[in-house]
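Comments concern the structure below.
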Amino acid sequence: MSAILEARGLSRAFGGGETRVDAVTDVSLTVEPGELVLLRGPSGSGKTTLLNMLGGLDRPTAGSVTLDGAPLSEASEDELADIRRRDIGFVFQSFALLPVLSAAENVEVPLRILRTPAQEREERVAELLDAVGLGDHANQRPYELSGGQQQRVGIARALANRPRVLIADEPTGQLDSGTALAMMALISRLVHEQGVAAIISTHDPRMSEHADRVLQLHDGRLAG
């Protein structure tokens, strides 16, 4: 199976001269459909910067990112926005749910942006909330849900538009250890069931048991 997400010689520097910081240096990697790649490293190792480039949120100083063979680094800002809407799902450590919307309405947001027909939206939202075990919580707002439940809504939202790539930056960082492990197991199951290419960052070595492959990032470089 060929890789859907590929980085070649990816680097990102901030500033210049004596203040230059090399956040990511010469990183190459691939992620295949249905594969969960775990990106491990301590705080400050460059994980977020790398994920932002892989997801088209930031442009590299050098190197390239391709999604299904199409180079993201050559896309315009409007093209990148369209790619993110259609092909990439993001899960955030802070959950990033809209507080005035119910769980179902939060999951529905990406589908509304794509102008998905109402019946199809309703069916997809119900399917995803059931998949993450929140079918009975569809009408509850974020403040009525636990942290783990809010992150489940975030995962469902990230998968709403049937993305080809899932990018999650420390998605278990605000959860207790038991909930965090359960969340990783859930993400792993959904990735394999839905054939999504997923790359997830964490500093927690216990999450490795749920990954198909583990990459170690230190000082902006992949180890090994």
Inset, instruction - Kindly list, by first and then second residue, each pair from a residue in the stretch 1-22 that is closer than 22 Å to HIS192 by Cα and in contact (Cβ under 8 Å) with a residue 60 or more places away in the chain to a residue that is part of a strand (DSSP E or B) and not hydrophobic (A, V, I, L, M, F, W, C), limited to pairs with Cβ atoms under 8 Å and residues at least 6 apart or on different chains. - result: ALA3/THR30; LEU5/THR30; LEU5/THR66; GLU6/THR30; GLU6/THR66
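Results for (1) at pLDDT 95 or above; (2) open to solvent by 40 Å² or more (accessible area, probe 1.4 Å); (3) among the aliphatic types (A, V, I, L, M), shown as yes or no for each residue.
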| position | (1), (2), (3) |
| --- | --- |
| ALA81 | no, no, yes |
| ARG84 | no, yes, no |
| LEU114 | no, yes, yes |
| ALA126 | yes, yes, yes |
| VAL132 | no, no, yes |
| ASN139 | yes, yes, no |
| SER146 | no, yes, no |
| ARG152 | no, yes, no |
Inset, instruction - Taking THR25 as the residue in question, decide whether it is closer than 17 Å to SER64 by Cα, over 20 Å from the mean Cα position of the chain (by Cα) and open to solvent by less than 70 Å² (accessible area, probe 1.4 Å). - result: yes
Inset, instruction - Could you please find all residues in the stretch 68-82 being hydrophobic (A, V, I, L, M, F, W, C) and outside any helix (DSSP H, G or I)? - result: ALA70, ALA75
Inset, instruction - Find all pairs meeting these conditions: Cβ atoms under 8 angstrom apart; at least six residues apart or on different chains; first residue within the stretch 58-75 and under 18 Å from ASP22 (Cβ atoms) and of a type in the set (Lys, Arg); second residue open to solvent by less than 50 Å² (accessible area, probe 1.4 Å) and at pLDDT 95 or above. - result: ARG59/MET53
Inset, instruction - Report whether or not ALA62 is touching a strand residue (DSSP E or B) at 6+ places or on another chain (Cβ under 6 Å) and surrounded by fewer than 16 Cβ atoms within 10 Å (Cβ to Cβ). - result: yes
Inset, instruction - Pick out the one residue from SER102, SER11 that is open to solvent by less than 80 Å² (accessible area, probe 1.4 Å), at pLDDT 95 or above and in contact with a strand residue (DSSP E or B) (Cβ under 6 Å, 6 or more places away or on another chain). - result: SER11
Legend entry - Matching residues, the stretch 172-203, being in contact (Cβ under 8 Å) with a residue 40 or more places away in the chain, surrounded by fewer than 18 Cβ atoms within 10 Å (Cβ to Cβ) and within 20 Å of GLN93 (Cβ to Cβ): GLY173, GLN174, HIS203
Inset, instruction - Kindly indicate whether any position in the stretch 65-77 is under 20 Å from the mean Cα position of the chain (by Cα), farther than 26 Å from PHE14 by Cα and surrounded by fewer than 13 Cβ atoms within 10 Å (Cβ to Cβ). - result: yes
Inset, instruction - Mind listing just one residue for me: the one in the stretch 12-47 that is in contact with an Asp or Glu (Cβ under 6 Å, 6 or more places away or on another chain) and not β-branched (Val, Ile, Thr) and, of those, farthest from MET207 (Cα to Cα)? - result: ALA13
Legend entry - Top-ranked residue of the stretch 123-132 - restricted to ones that are touching a residue at least 12 places away in the same chain (Cβ under 8 Å) and out of contact with any Leu (no Cβ under 8 Å at 6 or more places or on another chain), ranked as farthest from ALA158 (Cα to Cα): ALA126
Inset, instruction - Evaluate the following for GLN216: is it of a type in the set (S, T, N, Q), on the phi < 0 side of the Ramachandran plot, open to solvent by less than 60 Å² (accessible area, probe 1.4 Å) and part of a helix (DSSP H, G or I)? - result: no
Inset, instruction - Identify, by number, the condition in (1) open to solvent by 40 Å² or more (accessible area, probe 1.4 Å); (2) modelled with pLDDT of 95 or more that LEU50 doesn't meet. - result: (1)
Legend entry - Count of the stretch 154-171 residues which are open to solvent by 10 Å² or more (accessible area, probe 1.4 Å) and in a helix (DSSP H, G or I): 1
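The values are calculated or read from the model by the stated rules, or taken from the named source; none is laboratory data. The structure presented is a predicted model; accordingly, all values stated were derived computationally and were not measured. Positions of Cβ are generated from backbone atoms using ideal geometry, with glycine treated the same way; all protein chains shown enter the neighbour counts. The accessibility values were calculated without ligands, DNA or RNA, using every heavy atom of the protein model including side chains. Shrake-Rupley method; radii C 1.70, N 1.55, O 1.52, S 1.80 Å.
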